[in-house]
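Written out below as structure tokens is the structure these notes cover.
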Amino acid sequence: MKFYQLDAATRRKRLTAEGYLTPEEAAAWAQPALPSSVAEALSENIIGEFALPLGIARDLVVNGKLYQVPMATEEPSVVAAASNGARLAGLNGGVKATTEAHLVTGEIVFADLAAPAQAQALIAKRQGELLTQAQAAHPSIVQRGGGVKAITTTIIGRFLKIAVVIDTQAAMGANIVNTICEHLAAVLQTWLQQPALVAILSNASKQLTTATVHLTPASLATKTISGEQIAARIVLLSELAQVDGDRAVTHNKGILNGIVAAVLASGNDTRAVAASIGAYAAQSGQYQPLSTWKMVQGQLVGELTLPLTVGVVGGAISALPRAQAVKQLGHYTSVAVLQTVLASLGLVQNLAALRALAGPGIQAGHMALQANALAMAAGAKGAEIAAVATALQTRRKDLATAQAILAEIRKKG
């Protein structure tokens, strides 16, 4: 049987047999998610938990290595599409991905200085002192090989901005950056005889991750449409996203379907990731697609570039037991690995969506996978869910029909 046709327990057994889970990890995944003591320590005003299903995007090949990618999402078509996109990429050698050094920028800003140019010159002259102060502010990150790598100043209207670029090693780095920036702001305030307006990290990122896939058009064929036709229409859809902002937003949402689900599962900050990606997409002044698709020497070539502000230690990543389990299951051994897997996942998610749009359309597959949700929304319980979902496959897929089917089942029962 195919992976999606198995029940959860059998899927865990298969992942254990494949070496992605230990027996102990498989048993842990079968237990409730979060002890109340951990929940109380992590958040505020706790009244319970809000659970999402954790699915697996199967067999994503990135730089020649096979990954099983955990995804936390309520949308079955997202996981199905990711797995299908990974399959198509795998038929063509998988995805190649690269990423730049993991750096996070903090900014210390002063407003309405009497002599901003003189302040700029002073900071440049005494930059060595600032670097020494930065090391003292967070010595442990320096001991691990990280710390401040550059300090620059810019005058922007009435503001003087001091940008502090920091290597946060395996952490996403928000707390590290904020600690260093607040310490440096206190130093600068004594130099400039004025309080800083703000000292905090920026969620914008200049460090980019790029994923690329080369596909033989024949591998994209459906039962009714040739691969060459599919590839040509994918290129047209890509070009449309470059000139139509409305389409670009939906194009990028499809990419984020996979990335946000995997980021959430990993315990990282989905809001920070989404904010930095949105800023990157709009940096030219016109909102642009994150990926492009072109025909190059007879192959369909897809490329996705975006910032990914994530880590593999610290904060909720280290505190949440499930995030630690996801890290093990996903084999996220470093920030670079997580970034390349996320970008590759976004690219194959995009591929699956564009192939569906270029071929049979989105709704047929989407609504087929929504049958269980419709059954539950209609009030189905237990074995009724599968029975209603099965009956919906040959009937109109809406809530009224699901309710009518459930009533029929209960009447017969």
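Among the candidates Leu256, Leu306, Leu300, the residue that is touching a strand residue (DSSP E or B) at 6+ places or on another chain (Cβ under 6 Å) and either farther than 30 Å from Ala27 by Cβ or not assigned by TED's automatic domain parsing to the domain that holds Ala39 (or both) is uniquely Leu300.
Hey, does the stretch 330-349 have a residue that's under 30 Å from Ile166 (Cα atoms), among the small types (Gly, Ala, Ser) and touching a helix residue (DSSP H, G or I) at 6+ places or on another chain (Cβ under 6 Å)?
Yes, there is a match, as at least one residue in the stretch 330-349 is under 30 Å from Ile166 (Cα atoms), among the small types (Gly, Ala, Ser) and touching a helix residue (DSSP H, G or I) at 6+ places or on another chain (Cβ under 6 Å).
Filter the stretch 315-343 for residues that are outside any helix (DSSP H, G or I) and at pLDDT 95 or above and give the result. Those that are outside any helix (DSSP H, G or I) and at pLDDT 95 or above: His331, Tyr332, Thr333, Ser334.
When the helices (runs of 4 or more DSSP H) confined to the stretch 1-56 are screened for residues that are under 16 Å from Gly330 (Cα atoms), those reaching at least 2 such residues are found at 8-17, 23-29.
Selection over the stretch 173-185 of residues that are farther than 13 Å from Ile162 by Cβ and either without any contact (Cβ under 8 Å) to a residue 60 or more places away in the chain or surrounded by fewer than 18 Cβ atoms within 10 Å (Cβ to Cβ) (or both) gives a count of 3. Residues to consider are Phe159, Phe110; find the one that is touching a residue at least 60 places away in the same chain (Cβ under 8 Å), touching a strand residue (DSSP E or B) at 6+ places or on another chain (Cβ under 7 Å) and of a type in the set (Phe, Trp, Tyr). Just a single option satisfies the conditions, and that option is Phe110.
Put simply, of Lys65, Lys125 the only residue that is within 20 Å of Ala185 (Cβ to Cβ) and surrounded by fewer than 22 Cβ atoms within 10 Å (Cβ to Cβ) is Lys125. Within the stretch 48-64, which residues are more than 18 Å from Arg12 (Cα to Cα) and free of Cβ contacts under 8 Å to residues at least 24 places away in the same chain? Gly48, Glu49, Phe50, Ala51 - these are the residues of the stretch 48-64 that are more than 18 Å from Arg12 (Cα to Cα) and free of Cβ contacts under 8 Å to residues at least 24 places away in the same chain. Set side by side, the residues Thr222, Thr154, Thr212 differ, and just one is farther than 27 Å from Ala134 by Cβ and surrounded by fewer than 16 Cβ atoms within 10 Å (Cβ to Cβ), which is Thr222.
Taking (1) under 28 Å from the mean Cα position of the chain (by Cα); (2) in a strand (DSSP E or B); (3) not hydroxyl-bearing (Ser, Thr, Tyr) in turn, Ile141 satisfies each apart from (2). Condition check: out of contact with any Phe, Trp or Tyr (no Cβ under 7 Å at 6 or more places or on another chain), in a helix (DSSP H, G or I) and at pLDDT 80 or above. Does Ala380 satisfy that? No: the conditions fail for Ala380.
Can you work out which of the residues in the stretch 230-257 that are polar (S, T, N, Q) and either in contact (Cβ under 8 Å) with a residue 60 or more places away in the chain or surrounded by 21 or more Cβ atoms within 10 Å (Cβ to Cβ) (or both) is farthest from Val310 (Cα to Cα)? First the steps, then the outcome.
As a first pass, look at the stretch 230-257 and keep what is polar (S, T, N, Q): 238, 242, 250, 252, 257.
Narrowing the set further to residues that are either in contact (Cβ under 8 Å) with a residue 60 or more places away in the chain or surrounded by 21 or more Cβ atoms within 10 Å (Cβ to Cβ) (or both) leaves 238, 252, 257.
Numbers: Ser238: 27, Asn252: 19, Asn257: 17 Å.
This residue is Ser238.
Of all the listed residues (Ala375, Ala364, Ala389), the sole one being assigned to a helix (DSSP H, G or I), surrounded by fewer than 17 Cβ atoms within 10 Å (Cβ to Cβ) and either modelled with pLDDT under 85 or of a type in the set (S, T, N, Q) (or both) is Ala364. Look at (1) closer than 26 Å to Ile259 by Cα; (2) not assigned by TED's automatic domain parsing to the domain that holds Leu60 and you find that Val235 fails only one, number (2). The number of residues in the stretch 108-122 being exposed (fewer than 14 other Cβ atoms within 10 Å of the Cβ) and either outside the structural domain of Ile162 (by TED's automatic domain parsing) or part of a helix (DSSP H, G or I) (or both) comes to 3.
The values are calculated or read from the model by the stated rules, or taken from the named source; none is laboratory data. Everything numeric here is computed off the predicted structure, so don't read it as measured data. When we count neighbours, we look across all protein chains shown, and the Cβ atoms used for this are built from the backbone with ideal geometry, even at glycine.
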